């Protein structure tokens, strides 16, 4: 590997580190059940908070709460992945690199 390639690799690594920091600061929120379940997630797909309204906690119908949780988490994950793809698109020039979302 020549010096030019090494410098390009270092530059790409620095940009990737910056984007990862930006993604950790990017926050998305999703909800389900008319806001009774809320999920907050960062751009690295880490759940930051989960709020459940007491009105949807029914021991007789746990499947309702399960469905609301799955929907809210899935929506937050989709939003987070979209934000990550947008950030990384500029870094990779639209090239899809495995492991980078």
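Derivation of every value follows stated rules applied to the coordinates shown; laboratory data play no part. Nothing here was measured: the structure is a model prediction, and the numbers come from that model. No Cβ is skipped: glycine too gets one built from the backbone with ideal geometry, and neighbour counts run over all protein chains shown.
Would you mind checking the tilt of helix 3-25 against the longest principal axis of the Cα atoms of the chain, expressed as 0 to 90 degrees and rounded to 10? Taking Cα atoms only, the helix is inclined about 20 degrees.
Here the mean projected area of the convex hull built on the C-alpha positions of the chain is 7.6 nm². Rounded to the nearest 500, the helix-only mean residue ellipticity at 222 nm of the chain stands at -19000 deg cm²/dmol, with each DSSP H run of n ≥ 4 adding -39,500 (n - 2.57).
I want to check the label-to-label distance for residue 60 and residue 21. Put each point 7 Å from Cα in the C-beta direction and report it in nm to one decimal. It works out to 5.4 nm between the two label points.
Stretched out straight at 0.36 nm per residue, the stretch from residue 13 to residue 86 would grow longer than its current Cα-Cα span by 24.5 nm. Note on residue 49/residue 74: beta-carbon distance plugged into 1/(1 + (r/R0)^6) with R0 of 25 Å gives a FRET efficiency of 0.95. The value of relative contact order for the chain, using C-alpha pairs under 8 Å at least six residues apart, is 26 percent. Can you tell me the orientation of helix 62-92 relative to the chain, as the angle in degrees between its alpha-carbon axis and the longest Cα principal axis, to the nearest 10? It is inclined by approximately 20 degrees.
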